[in-house]
Structure formats: C-alpha cells, structure tokens
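The values are calculated or read from the model by the stated rules, or taken from the named source; none is laboratory data. All of these numbers come straight from a predicted model, not from anything done at the bench. Here Cβ is always computed from backbone atoms with ideal geometry, including for glycine, and neighbour counts include all displayed protein chains. What goes into the accessible areas is simple: the full protein's heavy atoms, side chains included, and nothing from ligands, DNA or RNA. Shrake-Rupley method; radii C 1.70, N 1.55, O 1.52, S 1.80 Å.
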Amino acid sequence: MSDITTILRKELNLIGKDLVKSIKNELANQRHIATGKLANTTNHKVDVSQTEGNLLISSKAKYWRAVNDGTKPHSPPFEDIMQWMDDKGIAYSDEAEKKQIANAIIRRIEIEGTPTKGSFSRTGATFRRGYLNRSVGSKKQSITRRLQKVIGEQIKVEFNKVIKKANQDG
C-alpha cells in the first residue's frame, strides 16, 4: 500500500472518530438520549483502495432518520410510548397517571408528529431536529481543507521522489 493510501486511511479514521464524537454530543444536546442505542451504536468504518477512500458513519438504530428529520403525524404504539417514558425518566405518581401521560403524548404526536412543540420546553433543547446536519455539516469545510492539506503534502513528497529518481537515472 502506498504512503498516500496509508495516510488517507489514518486521516479518514481520525475524521470518523471526530464525527462520531460530534454526533453523540449533538444527540445529547438535543436531548435525544433515551435508551442510548442510537448514540452507542453510532460508529464509523474506513475503506481505502488505490483509487478512492470512503468514510461511512452508521448506527444499528433503525430509527435514526426519525430522530434526525422528525416524523409526520402518526399514532405510535401505546406500549412503545410507555417504555419510552421509562427510558427518558419521565416522572409519574402511579400507573394510572403514567397511562394518562402516555395518551397525552400519543395525542400530540397524532396532531404534530415529532418532535412535538412541547418537547422543546420539556427538554430545554434549542434544536430537536437535524442532529446529523448540525454535527457533520458544520465540519464539512474543515474536513475538506484537512484532507487537501495532508494529501497535497504527500503528493508533493511522492512527486519529489519521482523527480529525484529521474535525475539520478538521467
């Protein structure tokens, strides 16, 4: 493997670690942590060949898009909302009150979708959508500059090796 692919793999790995950390922080800032599955299973994978480099950010949580984009009005399953309330630590005095709160949440989701307007005041979060855009999109230019600099420097090194060898042979 050439020096360029080794350096690209290393840089993409560092960038991937930074992006995953940023995504997890933004999930926490937007108060999206309930079970922790989305944050805990968000990871990165780097694949570099002689012709290209790829960085993939993924999660085992299939609901990532709903958290990122929100949802249209729908009726979520009652038991899922009951479990979500426990995961989020939503307080209630007894089972009857828990069911009342769950029904109220379901009614809001049926009307507003997610996130609901009330989720902003309840969580204190400024943003409740776009965790990916806020965490990854904000770094796009710095990532581009970083890769251009590192790869550009290595191309210069490789080019100078070729010139030096040509001068020795010529």
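Before moving on, here are some points about what is shown:
- When nucleic acids and ligands are ignored and a 1.4 Å probe is applied, D18 ends up with an accessible area of around 70 Å².
- Distance between modelled label sites at N103 and Q148, nm, 7 Å Cα→Cβ extension: 6.0
- Charged-residue dipole, Cβ positions (Lys, Arg, Asp, Glu), the chain about Cα centre, Debye nearest 20: 560
- Computed extension length for D69-E52: 3.1 nm, one decimal, from 0.36 nm per residue of separation with the Cα-Cα distance subtracted.
- Across the chain, the relative contact order, built from alpha-carbon pairs under 8 Å that are at least six residues apart, equals 28 percent.
- T144 accessible area, assembled protein chains, probe 1.4 Å, Å²: 60
- Of the residues F127, F78, ranked by 1.4 Å probe accessible area with the largest first, the sequence reads F127, F78.
- Solvent-accessible surface (1.4 Å probe) assigned to R146 amounts to roughly 80 Å².
- Rg and Dmax of the chain, Cα atoms only, in Å: 23.4, 89
- Using a Förster distance of 35 Å, the FRET efficiency for E110-N29 (Cβ separation, nearest 0.05): 0.80
- Set K62/K140; K17/K62; K37/K139; K17/K98; K21/K164 screened for pairs whose C-alpha atoms are more than 31 Å apart: K17/K98; K21/K164
- Calculated [222 nm] ellipticity per residue, helices only, for the chain: -20500 deg cm²/dmol; basis is -39500 (n - 2.57) per DSSP H run with n ≥ 4, divided by all residues, nearest 500.
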